[in-house]
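Enquirer: Sharing a structure, written as structure tokens. Questions coming.
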Amino acid sequence: MKKIRVLLAKPGLDGHDRGIKVIAAALRDAGMEVIYTGLRQTPEMVVEAAIQEDVDFIGMSILSGAHMTLFPEVLRLLKEKGAGTIHLFGGGIIPDQESVELEKQGVGKLFGPGTTTEEIVTYIRSVAAKKKQEPVM
Amino acid sequence: MTTLDRFLTGDRVALAKVISFVEDRSDGYDRVLSRIFSGGKTTYRVGLTGPPGAGKSSLVNRLAVLLADQGLRVGIIAVDPSSPFSGGALLGDRVRMQALYGRPEIFVRSMATRGSSGGLAAATKDVCVVLEGFGFDIILVETVGVGQIELDVASVCDTVVVVFVPESGDAIQAMKSGLMEIANVFCLNKSDRPGAERIKAELESILDVHRQVRMVAKDSPPPWETPVIPTVAIRDTGIAHLWEAVSQHRRYRSQADPAGFRKARARSDLVLSLTELTHERLERTLFESDQLNLAVEQIVSGRADPYTIAHQLFDSWRRS
Ligand code: B12
Ligand SMILES: Nc1nc2c(ncn2[C@@H]2O[C@H](COP(=O)(O)OP(=O)(O)OP(=O)(O)O)[C@@H](O)[C@H]2O)c(=O)[nH]1
Ligand SMILES: [Mg+2]
């Protein structure tokens with residue numbers, strides 16, 4: 001049976017990991033398989049792990065202010081490595097107008113402080129429902 | 001070009017997709033496996049098992065680098081438990097495998113147990129077959145953190161490394177059954193911690209008793225002497241010794257009974273596949289049938305007992 005697989009990543013030097021740990025536990029409790037890779041990941045590491053794990057989603061948590069470089073870079077690498085179907089989304093401290101700008105570039109929804117975990121679970125499920133599985137042979 | 005075609009040309013994105021296809025038991029997964037199956041003659045599978053937090057992932061991290069530096073291609077399967085309540089899982093072994101990025105010889109895959117209770121997922125053995133078909137030289141399999149009874153790793157892997165730590169004193173007493181019997185190499189990790197010397201001596205004396213018992217039995221080949229290798233994974237100490245012990249066991253197995261050791265695994269793989277196939281067929285046909293519902297009625301109303309009915313149902317299912 002197909003499971004929703006989500007890679008949760010903390011890119012850059014950002015050490016705020018409470019939010020992502022809350023989300024990791026919530027997604028597990030919602031029946032998803034969550035791969036957590038730890039702190040201080042580069043965009044290259046995030047994309048490599050996502051490909052090897054064949055995840056449907058990458059959720060990045062950024063509270064350091066580096067979102068305008070990290071999100072586009074991961075998006076670019078995903079396309080370059082032939083993994084453009086992976087859905088990139090995230091959360092943290094991201095001003096509204098910059099969220100809009102990132103979403104225009106192709107990043108999924110970005111969630112700020114105070115978001116409930118139900119909102120995030122609902123979002124993931126609704127995106128997952130639209131994905132189709134390709135046959136292998 | 002299909003995903004399988006791309007897999008066969010060495011594409012890692014395709015490798016990851018094929019693993020999912022097999023792991024998910026998607027329709028036709030066994031046909032994909034039969035296309036890929038290589039017999040695994042050139043691949044060696046090493047299992048790492050032991051209590052939670054003993055340092056299995058940290059050791060895998062070091063071993064993989066050591067092997068890749070020798071030019072070997074290393075596939076890694078890291079298993080963590082699924083929640084029996086939600087079916088979800090938190091797969092965190094990668095946190096301790098930070099040295100494995102940016103290395104084309106290394107591939108890491110996390111797996112959830114998805115309902116299996118033997119320390120691995122039911123599909124782990126099949127993912128090994130996929131990695132073998134892709135051409136890896138060594139497969140490292142990390143089990144969930146185990147107690148004494150999660151022993152599936154012994155039927156999936158060629159050499160089993162049991163990892164324990166200086167704090168495992170009581171656990172060693174308990175380990176005398178189960179884990180003790182499947183260990184081909186003991187790794188005493190965190191030997192930077194106090195008590196390491198004492199626990200090593202304790203374990204060696206237990207192993208000595210085991211050995212004497214086996215000597216009395218007069219087996220034809222000389223029995224393998226399970227070594228105890230101290231390591232400090234966080235400082236990269238003892239890793240080469242650990243690998244040397246694994247390699248010695250590999251040589252021992254191939255010399256002591258070269259045909260037998262392939263046969264044993266082929267048999268256990270086949271039995272597991274048959275069991276899964278039977279179960280799956282039963283689930284799809286009999287478990288969903290009116291016959292079964294009828295039988296339940298009969299049991300509840302006291303007209304039949306479940307043991308007789310089970311035989312009757314099974315026999316008629318087999319004939320159909
Ligand atoms: C606790 C905290 C710390 C703790 C962190 C402990 C830890 N291990 O996490 C400590 C004290 C260590 C710390 C240090 C610093 N902090 Co601080 N910290 C906070 C604080 C008060 C709360 C963060 C928190 O844990 N919230 C609780 C969790 C549950 O919420 P959350 O992380 O926001 O996550 C939610 C959403 O954002 C979203 N979300 C988050 N990630 C993701 C990912 C995905 C995939 C999804 C779907 C959703 C999602 O969903 C979550 C649930 O609602 C915030 C202020 C604030 N109110 O946000 C400042 C704050 C984040 N820190 C800040 C700063 C500047 C720092 C420091 C640089 C220095 C300093 N001045 O204190 C250091 C840097 C440390 C480092 N190495 O990175 C700034 C960041 C400014 C910015 N980005 O523009 C903030 C905003 C405070 C401020 N107003 O100035 N901090
Ligand atoms: N002191 C010391 N700590 C170590 C050593 N090896 C690993 N650790 C630490 O032990 C903790 C657990 O290590 P892991 O490698 O995650 O252990 P594990 O057996 O894979 O854990 P699970 O997969 O959760 O069962 C981490 O904090 C490591 O840094 C060691 O040799 N010495
Ligand atoms: Mg581990």
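The values are calculated or read from the model by the stated rules, or taken from the named source; none is laboratory data. Just so it is clear, the model here is predicted, and its values are computed rather than measured. In this analysis, Cβ positions are derived from the backbone assuming ideal geometry, glycine residues included, and neighbour counts consider all displayed protein chains. The protein model used for the area step is the full one, side chains on, heavy atoms only, and it has no ligands, DNA or RNA in it. Shrake-Rupley method; radii C 1.70, N 1.55, O 1.52, S 1.80 Å.
Enquirer: Calculate what fraction, in whole %, of the accessible area of chain B sits on carbon and sulfur atoms when a 1.4 Å probe is rolled over the protein chains. Let's see the in-between values first.
Expert: Working: 8470 of 15410 Å².
Accessible surface attributable to carbon and sulfur in chain B totals 55 percent.
Enquirer: Still on this structure, I have one more. Can you tell me the FRET efficiency between residue B:103 and residue B:297 if r is taken as the Cβ-Cβ distance and R0 is 56 Å, rounded to the nearest 0.05?
Expert: In this case the efficiency is close to 0.40.
Enquirer: In nm, to one decimal, how far is the residue A:64 label point from the residue A:127 one, both placed 7 Å along Cα→Cβ?
Expert: It is 2.2 nm.
Enquirer: State log₁₀ I(q)/I(0) for chain B at q = 0.09 Å⁻¹ as given by the Debye formula over alpha-carbon point scatterers of equal weight, solvent excluded.
Expert: Computed log10 I(q)/I(0) values: -0.54.
Enquirer: If you line up the long axis of helix B:239-256 against the longest principal axis of chain B, both from Cα atoms, how many degrees apart are they, to the nearest 10?
Expert: In chain B, helix B:239-256 runs at an angle near 60 degrees to the longest axis.
Enquirer: Next question. Near residue B:21, within a Cβ-to-Cβ distance under 12 Å, what is the net charge of the other residues, with Lys and Arg +1 and Asp and Glu -1?
Expert: On the way: positive: A:2, B:17, B:25, B:31, B:35; negative: A:54, A:134, B:23, B:24, B:27, B:30, B:126.
Spelling it out: positives minus negatives among the neighbours equals -2.
Enquirer: Just list whichever of A:109/A:131; B:125/B:263; A:3/A:130 have alpha carbons separated by over 18 Å in the model shown.
Expert: Violating the 18 Å limit, Cα to Cα: no pairs.
Enquirer: Compute the Cα gyration tensor for chain A, then decide on rounded, prolate or oblate, letting a ≥ b ≥ c be the square roots of its eigenvalues: rounded whenever a/c is under 1.5, prolate when a/b is larger than b/c in the other cases, and oblate in all that remain.
Expert: The shape class here is rounded.
Enquirer: Under 5 Å between amide hydrogens, which residues at least 5 positions from residue B:237 or on another chain qualify, with H placed 1.01 Å from N in the peptide plane?
Expert: Amide H neighbours of residue B:237, under 5 Å, 5+ apart: B:232.
Enquirer: Check which residues have an amide H placed less than 5 Å from residue A:88's amide H, if you skip close sequence neighbours.
Expert: It is A:58, A:108, by chain and number.
Enquirer: How much length would be gained if the chain were fully extended between residue B:212 and residue B:274, taking 0.36 nm per residue of separation minus their Cα-Cα distance, in nm to one decimal?
Expert: So the chain would gain 18.5 nm between residue B:212 and residue B:274.
Enquirer: For the stretch B:1-94, run through the trypsin sites (Lys or Arg not before Pro) and keep only the ones in DSSP coil with at most 13 other Cβ atoms within 10 Å of their Cβ.
Expert: B:41
Enquirer: Sticking with this structure for a sec: Can you give the translational diffusion coefficient of the stretch B:1-68 in µm²/s, computed by Stokes-Einstein from the Kirkwood radius over Cα pairs at 4 °C and 1.567 mPa s?
Expert: 89
Enquirer: Hey, another quick one. Given R₀ = 41 Å, FRET efficiency for residue B:315-residue A:80 by Cβ-Cβ distance, to 0.05?
Expert: 0.10
Enquirer: Name the residues of the stretch B:1-37 whose amide N is less than 11 Å from a point 7 angstrom out from the Cα of residue B:283 along the C-beta direction?
Expert: B:25-26
Enquirer: Count, for each residue of B:102-115, the Cβ atoms from other chains sitting within 10 Å of its Cβ, then give me the mean as a whole number.
Expert: Numbers: counts 4, 1, 0, 0, 2, 3, 5, 4, 11, 2, 7, 0, 3, 0.
Mean partner shielding for this stretch: 3.
Enquirer: Would you mind pulling out the separation of the Cα centroids of the stretch B:13-66 and the stretch B:108-145, in Å?
Expert: Here the answer is 4 Å between Cα centres.
Enquirer: Any idea what the relative contact order of the stretch A:9-137 is, in percent, if you count C-alpha pairs under 8 Å spaced at least 6 apart? Write out the running numbers ahead of the final one.
Expert: On the way: 151 pairs, mean separation 31.2, N = 129.
About 24 percent, as a whole number.
Enquirer: Give me a single rounded figure for B:5-13: the average over its residues of other chain Cβ atoms within 10 Å of their Cβ.
Expert: 2
Enquirer: Let me ask something else about it. ³J(HN,Hα) across the stretch B:257-266 via Karplus (A = 6.51, B = -1.76, C = 1.60, θ = phi - 60°), whole Hz, x for Gly/Pro?
Expert: 7, x, 7, x, 6, 6, 5, 4, 6, 4
Enquirer: What is the ratio of the Cα radius of gyration of the protein assembly as shown to 2.2 N^0.38 Å, where N is its residue count, to two decimals?
Expert: After normalising by residue count via 2.2 N^0.38 Å, the value is 1.07.
Enquirer: FRET efficiency for residue A:44 and residue A:17, Cβ-Cβ distance as r, R0 = 22 Å, nearest 0.05?
Expert: With R0 = 22 Å, the Cβ-Cβ based efficiency is 0.60.
Enquirer: Filter the trypsin sites (Lys or Arg not before Pro) in the stretch B:254-315 down to the DSSP loop ones having no more than 16 other Cβ atoms within 10 Å, then list what survives. Working shown, then result.
Expert: Numbers: sites: B:262, B:263, B:265, B:267, B:281, B:284, B:303; in loops: B:303.
Within the stretch B:254-315, the qualifying trypsin sites (Lys or Arg not before Pro) (loop, at most 16 other Cβ atoms within 10 Å) are B:303.
Enquirer: Measuring from a point 7 Å past the Cα of residue B:69 along Cα-to-C-beta, which residues in the stretch B:83-108 have an amide N at less than 17 Å?
Expert: B:97-106
Enquirer: Inside 10 Å of the C-beta atoms of B:80-86, what's the mean count of C-beta atoms belonging to other chains?
Expert: Counting Cβ atoms of other protein chains within 10 Å of each residue's Cβ and averaging gives 3.
Enquirer: Would you please classify the overall shape of the stretch B:273-319 from the alpha carbon gyration tensor, given that a ≥ b ≥ c denote the square roots of the eigenvalues, rounded means a/c under 1.5, and beyond that prolate means a/b larger than b/c while oblate covers the rest?
Expert: prolate
Enquirer: Under 25 °C and 0.890 mPa s, how fast does the stretch B:93-249 diffuse according to Stokes-Einstein, given a Kirkwood radius computed over C-alpha pairs? Answer in µm²/s, whole number.
Expert: Value of D from the Cα-based Kirkwood radius: 143 µm²/s.
Enquirer: When only C-alpha pairs under 8 Å and at least 6 residues apart count, what is the relative contact order of chain B, in percent?
Expert: Working: 455 pairs, mean separation 55.4, N = 320.
Rounded, it is 17 percent for chain B.
Enquirer: Where a Cα-Cα gap under 23 Å defines reach, which lysines qualify for residue B:200, not counting those fewer than 8 residues away within the same chain?
Expert: Straight-distance partners of residue B:200: B:56, B:176, B:190.
Enquirer: Let me ask something else about it. Which of the peptides B:188-197, A:29-38 is most tightly packed, and how do the rest follow, judged by the mean count of other Cβ atoms within 10 Å per residue?
Expert: A:29-38, B:188-197
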